[in-house]
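This report concerns only the one structure given below.
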Amino acid sequence: MNSRDIAQQQATGEGEFSTRAVRAGHRRTEEGEHAEAMFMTSSFTFPNAERAKAAFVDDSGDNVYSRFDNPTVQAFEERLASLEGAERCIATASGMAATLALGMAHLQAGDRIVCSQAVFGSTLNLWTKYFGKFGVEVVTVDPFDLDAWRSAMTPGTKLAYLETPTNPRCEVVDIRAVADIVHAVDAKLVVDNCFCTPALQRPLELGADIVSHSATKFLDGQGRAVGGAICGSEADMEPIYLFMRSGGPSMSAFNAWVFLKGLETLEIRMRAQSATAMQVAEWLQQQPQVQAVYYSGLASHPGHELAKQQQSDFGAVLSFEVKGGQEGAWSVIDATQLCSLTGNLGDTRTTITHPSTTTHGRLSEEQRLAAGINPGLIRLSVGLESASDLIADLSKGLSAL
Ligand SMILES: *Cc1c(COP(=O)(O)O)cnc(C)c1O
């Protein structure tokens, strides 16, 4: 390596967010490649038997096996850790694998986890159905009710888990206030930062201990790969790393390479998509067929003030309610042409979803209504198309009513 490469390597963890998003974690090989190398290899070789022994037995640091030791995956981990302001990040095969690894490493029978009831459906399912089976006590709370958090936090509580902003109504949970309550009993607060990403919100700076991610959404941002990550202190991440070594829900080098490219454009995508979401939300608010618009960028939204404090922008996801219940919502969705009809979100292409019959379709009607998932509700994850084209498409949709 020449001296310029060495200087660049030493600089990768420094600078502003946008600089670290394109530079952090990149370790150039002696081939001099400019883009990050993709190490598609299951295992690594050793120059001699002694070095092999040292790698296996003495943790010498030589790469061993890609279940836990892949340089492309490590580059992604270092870059995301840098963006979240975390000491360490562990990449996983999916967002759910990140949550699984967290629970496997940090919970045991008899422990309690307190979880916001407004989290991703599979997250709640994983805690109650699977961790519950192994003797972990799962308690759910209304995340906006600080007294509910307070009374749920018993001395046996190990983890508290929340997601903000919530899906699909963009409600904002006060990370700092919940962190103070959680720390009073020496438990750790975990925040799923999927919707804002570190470009718009950094939970660790607001008092959270651990951040979980579905990289599938905005981190990739282009709808290509499934992956996840978990970030926090060295002490909290090491047990997760050891679980990954044994349990194995690891990220592939190929997907890590895709996510590295995604992180490079993360901030400009999040800013551009947030700006378009704001324009679309303001337009929707003026349409006679629309009964309500839920976007924290609107002054009328209950989470507006808090979002301004803990986020640097309002994000790309919004929802709105049309007249005519499910039938109305379906006819609006079916009459749009540009928006992609899919359950996924966080793409450069705008996606349109009917939560009550898809993403939240397995909840009971009671649970749905408690979460504000009314039959007339439509969710948009705004992409990079022009605001005027999106508005024209939604206008087509609304005229079906
Ligand atoms: C999609 C999603 C997950 C799960 O991530 P996968 O990558 O699909 O496993 C977790 N949390 C939130 C908020 C999500 O949107």
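The table below lists the values:
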read-out: Single residue of the range 178-197 satisfying the filter (out of contact with any His (no Cβ under 7 Å at 6 or more places or on another chain) and within 14 Å of the ligand (Cβ to nearest atom)) that is farthest from ALA272 (Cα to Cα); value: VAL190
read-out: Counted residues, the range 287-321 - those being among the aliphatic types (A, V, I, L, M), surrounded by fewer than 20 Cβ atoms within 10 Å (Cβ to Cβ) and not in a loop (DSSP other than H, G, I, E, B); value: 1
read-out: Unique match (being on the phi < 0 side of the Ramachandran plot, modelled with pLDDT of 95 or more, touching a strand residue (DSSP E or B) at 6+ places or on another chain (Cβ under 9 Å) and surrounded by fewer than 20 Cβ atoms within 10 Å (Cβ to Cβ)) among GLU137, GLU50; value: GLU137
read-out: Residue, least open to solvent (accessible area, probe 1.4 Å), within the range 255-271, restricted to residues that are β-branched (Val, Ile, Thr) and in a helix (DSSP H, G or I); value: VAL258
read-out: Enumeration of residues in the range 139-155 that are hydroxyl-bearing (Ser, Thr, Tyr) and either in contact (Cβ under 8 Å) with a residue 60 or more places away in the chain or within 16 Å of the ligand (Cβ to nearest atom) (or both); value: THR140
read-out: Lone qualifier among LEU200, LEU219, LEU204 - being crowded, with 24+ Cβ neighbours inside 10 Å, farther than 20 Å from LEU124 by Cβ and either within 10 Å of the ligand (Cβ to nearest atom) or in contact (Cβ under 8 Å) with a residue 60 or more places away in the chain (or both); value: LEU219
read-out: Any chance THR164 is at pLDDT 95 or above, more than 11 Å from the ligand (Cβ to nearest atom) and of a type in the set (Ser, Thr, Tyr); value: no
read-out: Some residue of the range 149-168 being surrounded by fewer than 19 Cβ atoms within 10 Å (Cβ to Cβ), of a type in the set (S, T, N, Q) and in contact with a Ser or Thr (Cβ under 8 Å, 6 or more places away or on another chain); value: no
read-out: Meets criteria (part of a loop (DSSP other than H, G, I, E, B) and away from the ligand (no atom under 16 Å from the Cβ)) for ARG362; value: no
read-out: The range 112-138 residues that are away from the ligand (no atom under 14 Å from the Cβ), paired with ones that are of a type in the set (Lys, Arg) (beta carbon under 7 Å, 6 or more apart); value: ARG112/LYS158; ILE113/LYS158; GLU137/ARG112
read-out: Scan of the range 79-131 for residues that are in contact with a helix residue (DSSP H, G or I) (Cβ under 7 Å, 6 or more places away or on another chain), over 23 Å from ALA24 (Cβ atoms), part of a loop (DSSP other than H, G, I, E, B) and open to solvent by 30 Å² or more (accessible area, probe 1.4 Å), ordered by number; value: ALA109
read-out: Answer from SER212, SER246, SER252, SER233 - the residue that is buried (at least 24 other Cβ atoms within 10 Å of the Cβ) and either hydroxyl-bearing (Ser, Thr, Tyr) or out of contact with any Cys (no Cβ under 9 Å at 6 or more places or on another chain) (or both); value: SER212
read-out: Residue count, the range 73-102 (criterion: under 15 Å from ASP209 (Cα atoms), aliphatic (A, V, I, L, M), touching an Asp or Glu at 6+ places or on another chain (Cβ under 8 Å) and within 16 Å of the ligand (Cβ to nearest atom)); value: 1
read-out: Members of the range 382-401 found to be open to solvent by less than 10 Å² (accessible area, probe 1.4 Å), closer than 26 Å to GLY221 by Cα and over 22 Å from the mean Cα position of the chain (by Cα), listed by number; value: LEU390, ASP393, LEU394, GLY397
read-out: When residues of the range 329-346 are limited to those that are buried (at least 21 other Cβ atoms within 10 Å of the Cβ) and within 26 Å of the chain's Cα centre (by Cα), the one farthest from ILE268 (Cα to Cα); value: CYS339
read-out: Residue that is within 20 Å of SER122 (Cβ to Cβ), touching a residue at least 40 places away in the same chain (Cβ under 8 Å) and open to solvent by 30 Å² or more (accessible area, probe 1.4 Å), where the choices are ARG349, ARG362, ARG368, ARG379; value: ARG362
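The values are calculated or read from the model by the stated rules, or taken from the named source; none is laboratory data. This is a predicted model, so every value here is computed, not measured. Quick reminder, even Gly has a Cβ in these numbers, built from the backbone with ideal geometry, and neighbours come from all protein chains shown. The protein model used for the area step is the full one, side chains on, heavy atoms only, and it has no ligands, DNA or RNA in it. Shrake-Rupley method; radii C 1.70, N 1.55, O 1.52, S 1.80 Å.
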